[in-house]
């Protein structure tokens, strides 16, 4: 196929850009409203009562809310890092190697995506409460549910999502590049580090963002896997709704929104800086040195 | 044949679970915890509804007894119950609602209380003795309570209205406010209101009575602006409705948000209505039951009970705490016009078991 797509005609161009605008409005108008009403001086969310920073002040004074935000962030970061490593390894194993039980493993990996949240939550609940009991009976360990069990449960469902995203990238990658690097005396590790990894990096980054979001969002599994002192932000916010939705929830959402936008912008900036310098040059140099050895 | 490691592990696991099951059976049947009043046996972990206790009140308890106290939150009885029931939740104290206490007792998920360790039980008002879900109070202690009734915008409706469910269900009166009435979006509450108007129990399991109640709601549907639970209080104070079925605590706090709280009036119709009670209870495997007993006793002290209510603005079952309540809260609690039928006219919603689906079906049909 020779480069470029056909240019759309005038009418279809209007229709297409019109649709795009409507879709964007549909996505972002609620967010805009959420931000606006976080500054509303009225307890009733959805009724404008003049500008105020009261709800942000309220958040600053609300230690429980801050603690739960902190728990959420820690769980999200830790579970993302671990599930990205494990998920990428699983993707590599399934995509690059043939071994006994591969198809079973492949099918099992999709399970956490398919089964409903509640089922997963009950599974985790039973697993941890029974596990703690058995560990106590047999090994005399005094374990408790809490931060660790939430993190483990998030890793459990995030691995699947990460590995699917990474596999999509891997299957689109030219395997001959790896073979070429092996032919040029790179060992397995080096060819992974300097050939495969840079190519699947966008997939890994995508998987990581997905994992981070899923972990920050999750309520059901988290609630069932949590223990004393480990209430996460979404669980706390859901609890607050019983007493009515106040703009405090908007303010918290805006803070989280700003944090995630900052994260995305940061990753874009880093990518820009990376592509600014040529990545191929240092790679080639390392290969040469490895060949010399 | 070579031993298959997976089989070995599986066999070991099966053996383990058998041992575990055997041990678990031995555990049950224990009496109340061996605690004395004021005794603590470790840090306290509380599992409560969100925004239900002042963090400063928790800190005060922690400081007085030299403990760490952690508060975690849940958003429904149904989410809390399996977590406690599965065991090893790590919590020492939970706050289930009335009907859930019954379910937890039946499942042996909460332990019998040692009443000797809670001398302040005498502060509980006699209105809270002989409760259906825990008649002798062996397992639970009332924490906060409230009612479901009707809130009226007197600026529109005036003050000359029936103190009865007829304000909604009798067309002769209610038709003049057609389109300005809201009912709760809840099968048990709304059908319960109709059942009360008809003179039946709101925990009925009689299909004929439920049918009558359903038809009453269908008839009222034409006058109803909304079946809404979360915003019934807001709809009233923003003027969308003038007669609103709703919860006492929500309505009362919403009135206070307005410029003229005296304009609104909340009451439970004289035929009676729903009373909900949230209770303190101790999970069967609480790590520190004595600290939990001490906390229950401490909350029942007059000052602490008042501080609890003054922060979350729900009514207190603690008679001794009444003197310490904020003025407007006390006025609301003491106003005889709020519950003209008296406490005896109130009923707790109970779990009707298999009949629950009939309520749901009837309600779906009634709402249309």
Of A:120, A:266, how do they rank once you tally other Cβ atoms within 10 Å and put the fewest first?
A:266, A:120
At 7 Å along the Cα-to-beta-carbon direction for both residue A:182 and residue B:176, put a label point, then send me their distance in nm to one decimal.
9.0 nm
Give me the one-decimal nm value for the distance between modelled label points at residue A:13 and residue A:104, 7 Å along each residue's Cα-to-Cβ direction.
5.9 nm
Fluctuation leader among A:182, A:92, A:77 - chain A, Gaussian network, Cα springs under 10 angstrom:
A:182
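Length gain on complete extension for the stretch residue A:77 to residue A:175, per 0.36 nm per residue less the alpha carbon to alpha carbon distance?
Working: separation 98, 0.36 × 98 = 35.28 nm, distance 3.16 nm.
Length gained, residue A:77 through residue A:175: 32.1 nm.
Tell me the relative contact order for region A:63-292 as a rounded percent, counting alpha carbon contacts under 8 Å between residues six or more apart.
On the way: 204 pairs, mean separation 76.6, N = 230.
Answer for region A:63-292 is 33 percent.
Once you average over the residues of A:40-49, how many Cβ atoms of partner chains fall within 10 Å of each Cβ? Walk me through the numbers on the way to the answer.
Numbers: counts 0, 0, 1, 5, 8, 2, 3, 3, 0, 0.
Across A:40-49, the average partner-chain Cβ count within 10 Å equals 2.
What FRET efficiency comes out for the pair residue B:39/residue B:62, r = Cβ-Cβ distance, R0 = 22 Å, nearest 0.05?
Details: r = 16 Å, r/R0 = 0.72.
Approximately 0.85, to the nearest 0.05.
Given 0.36 nm per residue, what is the gain on full extension from residue B:160 to residue B:205 after removing their alpha carbon distance, in nm?
Numbers: separation 45, 0.36 × 45 = 16.20 nm, distance 3.53 nm.
So the chain would gain 12.7 nm between residue B:160 and residue B:205.
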Running a GNM on chain B with Cα contacts under 10 Å, which residue among B:324, B:31, B:146 ends up with the highest mean-square fluctuation?
B:31
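How many partner chain Cβ atoms sit within 10 Å of a residue's Cβ in peptide A:122-135, on average, as a whole number? Kindly include the intermediate steps, with their values, before the conclusion.
Values: counts 2, 0, 0, 7, 3, 1, 4, 10, 7, 1, 4, 9, 6, 1.
What the average comes to for A:122-135 is 4.
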Rank the residues A:62, A:154, B:293 as a footprinting-exposure proxy: fewest other Cβ atoms within 10 Å of their Cβ go first.
A:62, A:154, B:293
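Taking Cα pairs under 8 Å and at least six residues apart, what relative contact order does chain B come out at, in percent? Please report the intermediate quantities before stating the final value.
Working: 641 pairs, mean separation 98.3, N = 368.
Once divided by the residue count of chain B, the mean separation gives 27 percent.
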Counting only other chains, and only Cβ atoms inside 10 Å, what mean value do you get across the residues of A:226-234?
5
Once you place label points 7 Å from the Cα toward the Cβ at residue B:357 and residue B:260, how far apart are they in nm?
5.1 nm
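Report the calculated FRET efficiency for residue B:343 and residue A:122 (r = Cβ-Cβ distance, R0 = 35 Å), to the nearest 0.05. Don't skip to the end; give the middle numbers.
Working: r = 39 Å, r/R0 = 1.12.
Efficiency computed from Cβ-Cβ geometry: 0.35.
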Highest GNM mean-square fluctuation, chain A, Cα pairs closer than 10 Å: which of A:137, A:69, A:257?
A:137
If each residue of separation counts as 0.36 nm, what is the full-extension length gain between residue A:270 and residue A:57 once their alpha-carbon separation is subtracted?
73.4 nm
With Cα atoms, 0 to 90° folded angle of helix B:207-221 axis to chain B main axis:
50 degrees
Hey, fewest Cβ within 10 Å first, where do B:311, B:298, A:189, B:49 land in order?
A:189, B:311, B:298, B:49
Please report the relative contact order for region B:155-295, taking Cα pairs under 8 Å with a sequence separation of at least 6, and give it as a percent rounded to a whole number.
30 percent
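Sum -39500 (n - 2.57) across every DSSP H segment of at least 4 residues in the protein assembly as shown, then divide by the residue count to get the 222 nm mean residue ellipticity, nearest 500. Walk me through the intermediate numbers first.
Values: 28 runs with 366 residues, N = 661.
Estimated from H runs of four or more residues: -17500 deg cm²/dmol.
Every number here is computed from the coordinates shown, using simple stated rules; none is lab data. In this text the structure is predicted, and so the values were computed from the model without any measurement. Note: ideal-geometry Cβ built from the backbone for every residue, glycine included; neighbour counts use all protein chains shown.
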